[in-house]
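The values are calculated or read from the model by the stated rules, or taken from the named source; none is laboratory data. Computed from a predicted structure; not experimentally measured. Positions of Cβ are backbone-derived with ideal geometry, glycine not excepted, and every protein chain shown enters the neighbour counts. Side chains are part of the model used for accessible areas, which takes the heavy atoms of the whole protein and leaves out ligands, DNA and RNA. Shrake-Rupley method; radii C 1.70, N 1.55, O 1.52, S 1.80 Å.
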Amino acid sequence: MEIILYKVIRKVKWFYRIFLSWIFSHGLESAGHRPYFGKDTVILGMKNIIVGDNFIMNDRSHVKAVERNGLERFNPKIRIGNNVIINYDCHISAIQLVEIGNNVLFASRVYISDHNHGTTSFQDMKLPPVLRPVVSKGPVIIGDNVWIGEGAVILANVTVGDNSIIAANAVVTKDVPAFSVAAGVPARIIKSVIY
């Protein structure tokens, strides 16, 4: 009896996730073939998000195209290519542009944002963080075939070149050339493959 009950529960969960994925994909600006969204995922600003074919976003991940913060208004865009897998507990947020190429693989707990609360000016730092203006230094562009390791952070105004690797727990604040490995806090290039 327990085996039958277990199989029924698995089937119900599978149908729920298929239904959830259908709902999400129809709210996005554009969604490719067979997108999958895990449980407890959060998607904000859906009309500003494009995902390609075979997109997978696992449980508890957040993708946010932030259109407003208090009185501030933004025109965000998040573009995600084909065959992208976002693992558990990842967070992608944009007020300007975050673009992710094809065949990109995210480990868990990856954070990508093109903005932050305020600057390091004396005036901004006097304010509580929640009251500071949201600002972007520039877009985040991630090329094709990039592997982003566990707990990595990619901040504003960064381009990660094709076929690169971002090591676990790296904090990327500067561009990473194609065919490179970046690691550390702040991240630096530890290996480049000549092509």
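Details
- Efficiency of FRET from Cβ geometry, I3 and D175, R₀ 45 Å, rounded to 0.05: 0.25
- Sites E29 and V135 - FRET efficiency at Förster radius 25 Å, r taken between beta-carbons, to 0.05: 0.55
- Taken along the Cα-to-beta-carbon direction at a fixed 7 Å, the label points for F15 and E72 span 4.5 nm.
- Residues V42 and M125, FRET efficiency given R0 of 30 Å [Cβ-Cβ distance, rounded to 0.05]: 0.55
- Global form of the stretch 146-185, assessed from the alpha-carbon gyration tensor, a/c cut-off 1.5: oblate
- Taking the Cα centre of the chain as origin and assigning +1 to Lys and Arg Cβ atoms and -1 to Asp and Glu Cβ atoms, the resulting dipole is close to 380 debye.
- Helix-only [θ]222 nm of the chain, DSSP H runs n ≥ 4, -39500 (n - 2.57) each, per residue, nearest 500: -5000 deg cm²/dmol
- Above-threshold pairs, the threshold being 31 Å between Cα atoms, out of K137/K191; K11/K77; K126/K174; K47/K126; K64/K174: K11/K77; K47/K126
- Between helix 2-27 and the chain there is an angle of about 50 degrees, using the helix long axis and the longest principal axis of the Cα atoms.
- Shape category assigned to the stretch 1-153 from the gyration tensor of Cα positions, a/c cut at 1.5: prolate
- Percent carbon-and-sulfur accessible area, the chain, ignoring ligands, DNA and RNA, probe 1.4 Å: 60
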